[in-house]
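Below is one structure; the comments refer to it alone.
The values are calculated or read from the model by the stated rules, or taken from the named source; none is laboratory data. Model, not experiment: these values are computed from the prediction. Methodologically, a virtual Cβ is constructed for each residue, glycine included, from the backbone with ideal geometry; neighbour enumeration extends over all protein chains shown. All accessible areas refer to the heavy atoms of the entire protein, side chains included, with ligands and DNA or RNA removed. Shrake-Rupley method; radii C 1.70, N 1.55, O 1.52, S 1.80 Å.
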Amino acid sequence: MLKKLMSVALVTLLVWISASFDATPVSAFPPNIPSKADALTKLNALTVKNEGSMTGYSRDLFPHWSSQGSGCNTRHIVLKRDADSVVDECPVATGSWYSYYDGLTFTSASDIDIDHVVPLAEAWRSGASSWTTTKRQSFANDLNGPQLIAVSASSNRSKGDQDPSTWQPPRTGARCAYAKMWVETKSRWGLSLQSAEKSALTTAINACSY
């Protein structure tokens, strides 16, 4: 009887701790990353052409971190989705994040950037310059594909607006998924790519084991 009471008490304590800290389990990875075969098929279907110019470009033409309801914006949603655990409702400030690009772990959201896998300036040069602002806003806040990922601020800022021919994640184990996320995003949004970019992506995806 005593053993049973102790067991019930332990379960109650664990439930109380879980409710108190709201350590919400999350997927910790962007959605809809294609298989190796699917990524190669989509890559070979993309239009290859020289990049356009940066004339007229401004980040303001890609309104980002739109409201998603319940006090959350797009950044907050990605922080919650990509965390190993979060203890805040929006705005998200603390939790535990594994930065996929460089293998570092953080507990403060201020150390985390939300990377646009295909950078906004890269999208501009690849076809988004002709889009409406509404379409660019949808691209900049795309939660349905693998275009947004929570990573360390340092890795995101070292990337800037480079494509995979000049920048890939410093952690070599991240390069396969990164290439597939890049291809999926360009395919979903009908963006073009240049020849050096396609070559780098082909190499990275061919090296994938999945």
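Mind listing whichever residues of the stretch 81-117 are of a type in the set (S, T, N, Q) and buried (at least 21 other Cβ atoms within 10 Å of the Cβ)? Within the stretch 81-117, just S99 meets the criteria.
Being free of Cβ contacts under 8 Å to residues at least 40 places away in the same chain and either open to solvent by less than 60 Å² (accessible area, probe 1.4 Å) or in a helix (DSSP H, G or I) (or both) is the filter here; which residues of the stretch 123-152 pass it? Answer for the stretch 123-152, where residues must be free of Cβ contacts under 8 Å to residues at least 40 places away in the same chain and either open to solvent by less than 60 Å² (accessible area, probe 1.4 Å) or in a helix (DSSP H, G or I) (or both): S130, W131, T134, K135, S138. Output the residues belonging to the stretch 15-68 that are modelled with pLDDT of 95 or more, closer than 25 Å to C90 by Cα and of a type in the set (F, W, Y). Passing the criteria: F62, W65. The residue list S155, S187, S165 contains one member that is hydroxyl-bearing (S, T, Y), part of a helix (DSSP H, G or I) and open to solvent by 10 Å² or more (accessible area, probe 1.4 Å), which is S187. Has the stretch 57-80 got at least one residue that is in a strand (DSSP E or B), open to solvent by 40 Å² or more (accessible area, probe 1.4 Å) and of a type outside the set (S, T, N, Q)? So far as the stretch 57-80 goes, no, none of its residues is in a strand (DSSP E or B), open to solvent by 40 Å² or more (accessible area, probe 1.4 Å) and of a type outside the set (S, T, N, Q). In the stretch 102-116, the residues that are over 15 Å from N73 (Cα atoms) and in a strand (DSSP E or B) form Cβ pairs under 8 Å with partners that are of a type in the set (A, V, I, L, M) and open to solvent by 40 Å² or more (accessible area, probe 1.4 Å), at six or more places apart or across chains, as follows: S108/A93. Taken over the stretch 190-208, the criterion of being in contact (Cβ under 8 Å) with a residue 40 or more places away in the chain and open to solvent by 20 Å² or more (accessible area, probe 1.4 Å) is satisfied by G190, Q194, S195, K198, T202, N206. Scanning the stretch 168-184 for residues that are open to solvent by 10 Å² or more (accessible area, probe 1.4 Å) and under 14 Å from K36 (Cα atoms) gives R175, C176, E184.
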